[in-house]
Amino acid sequence: MDDRVILRVGAKILIPFILIFALYVQFHGDYGPGGGFQAGVIFAAAFVLYALVFGLGNAIKVLPPKAAYFCGAFGVLLFVGVGYASMALGGEFLNYSVLAHDPTHGQHYGIIGVELGVLITVFGVMVALFYAFAGRRRLDR
């Protein structure tokens, strides 16, 4: 019989709320404290909790290491892509004012894109680091 029923049920209840809170922190970052880095760490913490409660093997089935590596690289490309898009539209690198018809809307779109890139990068790197350290074998045996 599994002796970790309370942990498993508690994790199943908490993980969706942790993910929703990460999205709240992400999208509230435009108006107050928070943003992509904090949201990425919270999002990764949900996966770390999943791995600790349900096992590293199950976590790797849910999010393979190659997907975590891809997230780390794709987030950087998204960040840089927003900068190059602003240059292609006639502004300076990461000058969001040219991304929409109204400079205020352009600033909003640019910040959302950059912060989303930061979230994806931080999430991917944090999960990849967790996989790297959790998958190590003990050498002192």
- Message: With the condition being charged (D, E, K, R) and out of contact with any Pro (no Cβ under 6 Å at 6 or more places or on another chain), I'd like the helices (runs of 4 or more DSSP H) fully within the stretch 35-141 carrying at least 1 qualifying residues.
- Response: 56-62, 65-88, 103-134
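Just give me the residues in the stretch 1-34 being part of a loop (DSSP other than H, G, I, E, B) and either in contact with a Gly (Cβ under 8 Å, 6 or more places away or on another chain) or not acidic (D, E) (or both), in sequence order. Write out each step before concluding.
Looking only at the stretch 1-34, we keep the residues that are part of a loop (DSSP other than H, G, I, E, B), and these are 1-4, 29-34.
M1, R4, G29, Y31, G32, P33, G34, listed by residue number.
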- Note on the structure: Selection from the stretch 65-112 of residues on the phi > 0 side of the Ramachandran plot and either among the hydrophobic types (A, V, I, L, M, F, W, C) or in contact (Cβ under 8 Å) with a residue 40 or more places away in the chain (or both) yields L94
- Task: Identify all residues within the stretch 92-127 that are more than 30 Å from F47 (Cα to Cα), of a type outside the set (A, V, I, L, M, F, W, C) and buried (at least 18 other Cβ atoms within 10 Å of the Cβ); write none if there are none.
- Result: Y96, G106
- Message: Being touching a residue at least 40 places away in the same chain (Cβ under 8 Å), under 22 Å from L119 (Cα atoms) and not hydrophobic (A, V, I, L, M, F, W, C) is the filter here; which residues of the stretch 1-46 pass it?
- Response: Q26, G29, D30, G35, G36, G40
- Only one residue in G29, G35 is modelled with pLDDT under 90, surrounded by 14 or more Cβ atoms within 10 Å (Cβ to Cβ) and closer than 19 Å to C71 by Cα. Which one? G35
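Within the stretch 127-136, can one find any residue that is touching a helix residue (DSSP H, G or I) at 6+ places or on another chain (Cβ under 8 Å) and closer than 21 Å to V25 by Cα? Write out each step before concluding.
The first filter runs over the stretch 127-136 and keeps only residues touching a helix residue (DSSP H, G or I) at 6+ places or on another chain (Cβ under 8 Å), leaving 127-128, 130-131, 134-135.
Now restrict to residues that are closer than 21 Å to V25 by Cα: 127.
The answer is yes, given that some residue of the stretch 127-136 is touching a helix residue (DSSP H, G or I) at 6+ places or on another chain (Cβ under 8 Å) and closer than 21 Å to V25 by Cα.
The values are calculated or read from the model by the stated rules, or taken from the named source; none is laboratory data. Here the structure is a predicted model, which is why all the values come from computation and not from measurement. In this analysis, Cβ positions are derived from the backbone assuming ideal geometry, glycine residues included, and neighbour counts consider all displayed protein chains.
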